[in-house]
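Colleague: Following this message is one structure expressed as structure tokens.
The values are calculated or read from the model by the stated rules, or taken from the named source; none is laboratory data. Note that the coordinates shown come from a computational prediction; the quantities given were computed from them, not determined experimentally. When we count neighbours, we look across all protein chains shown, and the Cβ atoms used for this are built from the backbone with ideal geometry, even at glycine. Protein only, heavy atoms only, side chains kept; ligands, DNA and RNA dropped before computing areas. Shrake-Rupley method; radii C 1.70, N 1.55, O 1.52, S 1.80 Å.
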Amino acid sequence: MSTTNIDELIKSTRPIPPITMLPSDIEEVPCVYNGKPGCLKCKICGSVSGRTREIYHTYKCIYSIQEPEGGPFVVGERLVSKARIDRSLCECVLQREYAVITPKSSKLILGTYAAGPCVILAMRDRNTFRTILSHIDYPAEPTIMLPFDAFFDPETTDVYIVGGEDSDIEAVHALLNKLKDYNYTTIKFGHIIDSNSNAFAIDCRTGETWLDDEIIVPDDIPITVNKEQRRITGAYFNELMMSSASLKKVTIPSRKSLSLNTSSSSSSSSALNSSSSSSSSSSSSALAAAGAVANSAVSENKRKNNFNQSFKRKTRKRNNRKKY
């Protein structure tokens with residue numbers, strides 16, 4: 001059986017199985033903290049457990065757990081764009097979201113950022129240029145591959161996977177195995193288990209990509225700041241953590257539908273000016289439409305700002321861990 005580059009990533013992220021100690025190599029000893037019985041001691045290296053009865057062996061001990069090789073693990077190649085992202089053509093995909101675009105969509109570039117323990121998974125059909133990008137925070141979710149399986153054929157699809165950390169390596173390993181189960185055996189570009197927070201964007205028309213420092217947030221990937229939404233951010237993320245980990249689709253209209261909406265709104269305005277008898281009802285309709293647009297804008301701002309605040313909190317937690 002031939003080896004593909006996804007096998008390289010699966011091997012690099014394979015969890016190290018725990019080592020079971022022989023009863024003859026363990027003895028019960030008084031706890032070093034309070035002198036009471038209840039702790040364990042390794043007879044090989046002399047390490048003593050705490051009250052959790054978990055022994056941290058010295059590196060020379062036969063029971064010492066070998067640390068996995070650190071990342072990032074990189075396979076494949078990507079088409080690097082030499083130009084900055086055109087923010088007017090870019091749609092930002094946030095945590096637990098995915099979006100699908102084609103060259104006929106109003107947005108032609110998909111991008112996301114702040115993937116630390118999260119994983120960015122993107123696919124692009126080489127024939128139709130249909131492209132999907134997702135920001136996955138729970139790669140082990142059983143249904144995580146459904147949106148990809150519905151749109152793409154492994155024979156004609158380029159796969160991109162970016163992100164993940166050492167703390168979540170088992171989940172990344174599970175996602176790689178899912179990709180292989182769905183016959184995505186060759187990765188166009190993989191950059192995983194990075195200690196940094198990753199960003200990634202892809203142009204559906206050309207397959208050009210941007211990675212990490214090649215992206216400036218929010219100049220390239222537009223993020224709207226709405227101070228009014230900061231008060232509910234905490235409640236939103238408590239709800240998010242308790243909800244299902246399945247992905248939510250971001251709907252991106254086609255350019256044709258946008259032009260039709262523009263022309264229909266123009267004709268509605270013309271009819272409103274020519275018909276004075278129905279001016280009252282037409283004004284109400286116009287106000288209702290304006291209200292719907294405003295509500296949609298507020299909802300979009302809320303979605304992006306909540307994610308922005310989460311990114312800042314995760315960065316502070318990561319920095320605090322590094323201090324100790």
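Colleague: If the chain between D213 and Y56 were fully stretched, how many nm would it gain, using 0.36 nm times the residue separation less the Cα-Cα distance?
Modeller: On the way: separation 157, 0.36 × 157 = 56.52 nm, distance 3.82 nm.
So the chain would gain 52.7 nm between D213 and Y56.
Colleague: Sorted by accessible area (1.4 Å probe), largest first, how do V29, V80, V119 line up? Working shown, then result.
Modeller: On the way: V29 25, V80 70, V119 0 Å².
These residues rank, largest area first, as V80, V29, V119.
Colleague: Using heavy-atom solvent-accessible surface (probe 1.4 Å) with all chains present, what is the largest-first order of T185, T112? Walk me through the intermediate numbers first.
Modeller: Details: T185 50, T112 0 Å².
Descending order: T185, T112.
Colleague: If D181, D158 are ordered by their accessible area, calculated over protein heavy atoms with a 1.4 Å probe, which sequence runs from highest to lowest? Mind showing how you got there, number by number?
Modeller: Working: D181 120, D158 20 Å².
If we order D181, D158 from most to least accessible, we get D181, D158.
Colleague: Report S12's accessible area, 1.4 Å probe, all protein chains in place, as a number in Å² to the nearest 10.
Modeller: The accessible area comes out at roughly 40 Å².
Colleague: Run the quick spin-label model on D181 and K249: label points 7 Å from Cα toward the beta carbon, then report their separation in nm to one decimal.
Modeller: Using points 7 Å along Cα→Cβ, the separation is 2.2 nm.
Colleague: Still on this structure: Can you work out the Karplus-derived ³J(HN,Hα) for every residue in region 23-31? Use 6.51 cos²θ - 1.76 cosθ + 1.60 with θ = phi - 60°, whole Hz, and x for glycine or proline.
Modeller: Using θ = phi - 60°, the values come out as x, 6, 9, 10, 9, 7, 9, x, 5 Hz.
Colleague: While we're here: What number comes out for accessible area per residue over region 33-145 if the probe is 1.4 Å? Units Å², please.
Modeller: On the way: 5710 Å² over 113 residues.
Spelled out: the 1.4 Å probe surface of region 33-145, per residue, equals 51 Å².
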